[in-house]
1. Name the residues in segment A:99-124 that are surrounded by fewer than 22 Cβ atoms within 10 Å (Cβ to Cβ), of a type in the set (Gly, Ala, Ser) and farther than 18 Å from A:Arg28 by Cα, would you?
2. So if I check each of B:Glu30, B:Glu107, B:Glu37, which one is out of contact with any Ser or Thr (no Cβ under 9 Å at 6 or more places or on another chain) and among the acidic types (Asp, Glu)?
3. Select the helices (runs of 4 or more DSSP H) contained entirely in segment B:46-148, then report the ones holding at least 2 residues which are at pLDDT 90 or above and on the phi < 0 side of the Ramachandran plot.
4. Considering only segment A:49-59, I want to know if a residue exists there that is closer than 24 Å to A:Lys23 by Cα, aromatic (Phe, Trp, Tyr) and out of contact with any Phe, Trp or Tyr (no Cβ under 7 Å at 6 or more places or on another chain).
5. For A:Glu78, all conditions in the list (1) closer than 30 Å to B:Gly153 by Cβ; (2) within 12 Å of another protein chain (Cβ to nearest Cβ); (3) within 17 Å of the chain's Cα centre (by Cα) hold save one; what is the number of the exception?
6. Which residue pairs have Cβ atoms closer than 9 Å, lie 6 or more positions apart in sequence or on different chains, and pair a first residue in segment B:102-120 that is more than 7 Å from chain A (Cβ to nearest Cβ) and surrounded by 16 or more Cβ atoms within 10 Å (Cβ to Cβ) with a second residue that is part of a helix (DSSP H, G or I) and not aliphatic (A, V, I, L, M)?
Amino acid sequence: MGGIEVSKATRPFCFTAYGIAKKVLHDRLLKLEERVDGFSATHDMSPTPYRSSIDQKNASLVVKSQIGQASLLGVELELINRESSVMYHPSEMDSVPENRSFNFGPHVVESSVIDSTTYVRVKS
Amino acid sequence: MLKYIKVKSSCEHTIQQEVRTKRVPRFLDEQTKVTLEQALEMPLSMSHLPFDIDTLSPTPLDPYALTVYGGVDYALAARSYMIDKLHSNTISIGDTHRALIERAEQEILDQHFHRMQKNDEALRQWKEVAAERSSGKVLSHRDAEGVMQVRAGVAQP
């Protein structure tokens, strides 16, 4: 499987709902920290991604961030958040109500979020 | 390095207070005795969709076996829900940004199908292992219920 999915929220083009979903997830992580020995989470609502990929053909952008880590029976685990967005060119589409910009070196990419998925896997 | 540099949100969508039933469904009563192989094969039927119970519910481990509202396929219901959300959130820009919305729709459908396939494959492997190592041992009620809830995507961590 590569990892076990623990949460999934599809909130296309709506940062308000997306923000609510993220808050619920972080509340859940707080509870896990209280209940599970050795579990710690990153409570930065926008952690720095460690990987990103762009599908030029479909104009989609996927970013992955580590948002938590834990130890279970001596096995190191990590919690990964995967967010996908669609990209657009702002000069052609200037009235998208909610967007997010990414800085790829000198290039700025405008995107609108589609969904956020979190899964747990053995730490690599 | 990739960095977030800006978040713009002028969203004026009305977020209605979502009414969620927090009660996790039960699939088996105390008297039902099942083996692991049976628990992996039993029909899954729910009165609510998993995301009606938990806003952040993961994709069910056994998505093709799950039915809701007495017969609707989870696969179809979840797809309709996500596409409806997309259209309601983009209603104000639908006329001018049709291509963008179509790309988003395709991305949602691709992810939905990909995750369902992945989970279905994982459960198939689990079933094969269970069949090979079959002991015929009856599971405790708690364990059997846990298997059913994981298959339905409503088990709590």
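1. A:Ser101, A:Gly105, A:Ser111, A:Ser124
2. B:Glu30
3. B:74-89, B:98-132
4. Yes - at least one qualifying residue is present in segment A:49-59.
5. Result: A:Glu78 fails condition (2) only.
6. So the pair list comes out as B:Glu105/B:His87; B:His112/B:Arg79; B:Met116/B:Tyr74.
The values are calculated or read from the model by the stated rules, or taken from the named source; none is laboratory data. Quantities reported herein were computed from a predicted structural model and do not represent experimental measurements. Positions of Cβ are backbone-derived with ideal geometry, glycine not excepted, and every protein chain shown enters the neighbour counts.
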